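Below: one structure, written as structure tokens.
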Amino acid sequence: MKTLDIPVVPWGAGSQPVDEDGAQLAYMSMPEAMAVYAAPVLPEAEAVAHLTGAKAALARVRDALAEHGGNGGNGGNGGAAGVDVGHLSPEEQILVNQVLGEGEVSIKLGGPIAVRIQESVLTGVWRVRRFNADGLCERDTIEVCDIPAIVAESVEASATDTLQSLDALPAGAINSPSVLVEVQDRAQRYREAGAMHVLNLTLLPLTPEDLIFLEQTLGQGHADILSRGYGSCRISATALKNAWWVRYYNSQDTMILNTIEIGGVPEVARAASQDMEDSALRLGEILQWIAGDDERRC
């Protein structure tokens with residue numbers, strides 16, 4: 001067999017391609033970390049035997065997850081909407097917090113009633129807290145769904161069907177007017193026929209002034225979403241119905257993709273049905289652990 005002579009290139013200067021000017025090319029760093037499921041640190045069953053309210057609430061969440069898997073999804077309507085945990089004692093709240101933890105997606109809703117939503121480590125299980133004008137939590141619930149329905153409802157109630165006038169074009173803004181015309185047209189098509197669309201701004205010849213003008217004209221809606229995984233994805237509702245800023249960042253917080261998505265709440269923020277099936281299994285195992293030996297043998 002003929003052997004192949006493979007040249008050995010030392011690492012360091014000259015080991016990477018160079019451009020025409022002889023300068024070494026710089027490559028974007030790959031993400032170094034990813035958010036993954038970590039099992040919660042749970043107390044022994046004997047220590048939480050008396051926390052029946054917390055265990056009952058978590059059992060309802062488990063049942064909602066199982067139902068979600070059985071009917072193929074619920075379209076974001078909240079299979080366990082209204083599993084109230086605000087009435088639980090501080091000790092029971094601690095147990096619920098231990099089991100749920102904090103997952104990848106965080107949501108902040110503005111408007112008359114401030115809402116904070118946090119996905120748990122169990123995908124598709126959301127903690128939804130509503131606050132009054134004094135910053136006090138008025139309602140604390142757990143919902144099981146791809147994304148809580150209140151997100152779309154809040155954005156829909158505050159958004160407009162048309163953009164403001166495009167007459168005052170700032171100096172340096174060149175291509176943003178045509179982008180805005182397409183955004184409004186695509187948003188209208190979505191409302192009429194459900195045709196989703198993505199505009200990749202990263203690939204367009206837009207000046208800094210263009211981007212500023214786009215943000216000013218589209219305005220700010222009532223939802224801000226942060227989805228973490230490899231790097232992060234930051235999603236903001238605009239003041240135009242069904243138009244969302246979706247920006248992707250690497251682990252060094254450098255933006256690598258800038259888009260406007262036309263449609264409902266972007267898929268990147270939603271829980272996948274397959275992951276929710278895993279959540280049902282995990283929560284079932286957790287409840288068996290904290291239930292004690294009798295139920296573990298069943």
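Values quoted throughout were computed directly from the atomic coordinates according to the rules given, and no laboratory measurement underlies them. A quick note: this is a predicted structure, and the numbers were derived from the prediction, not measured. We place every Cβ from the backbone using ideal geometry, glycine too, and count neighbours over all the protein chains shown.
Sticking with the crude label model, points 7 Å out along Cα→Cβ, report the distance from N97 to Q216 in nm, one decimal please.
So the label points at N97 and Q216 sit 4.4 nm apart.
Starting with the fewest neighbours, write out L51, L218, L122 ranked by other beta-carbon atoms found within 10 Å of each beta-carbon. Spell out each step's value before the answer.
Numbers: L51 21, L218 24, L122 27.
Exposure proxy ranking, most exposed first: L51, L218, L122.
How far, in nm, would the chain grow between T162 and M196 when pulled straight, counting 0.36 nm per residue and subtracting the alpha carbon separation? Spell out each step's value before the answer.
Values: separation 34, 0.36 × 34 = 12.24 nm, distance 1.75 nm.
Stretched out fully, the T162 to M196 stretch lengthens by 10.5 nm.
Quick one: Cα convex hull volume of segment 193-293, Å³ per residue? Working shown, then result.
Details: hull volume 15.2 nm³, N = 101.
Convex hull of Cα atoms, per residue: 150 Å³.
Once the piece of chain linking L226 and N132 is laid out straight, how much longer is it, given 0.36 nm per residue of separation minus the C-alpha distance between them?
Taking L226 through N132 to full extension adds about 31.6 nm, to one decimal.
Give the peptides 261-273, 201-213 in descending order of average Cβ contacts within 10 Å, highest first. Before the final figure, lay out each step's value.
On the way: 261-273: 18.8, 201-213: 15.2.
Ranking the peptides 261-273, 201-213 by packing returns 261-273, 201-213.
Does anything in segment 100-133 have its amide N under 19 Å from the 7 Å Cα→Cβ label point of S251, and if so which residues?
104-105
Please order W126, W245, W289 by the number of other Cβ within 10 Å, starting at the fewest.
Details: W126 28, W245 21, W289 18.
If I rank by nearby Cβ atoms, fewest first, I get W289, W245, W126.
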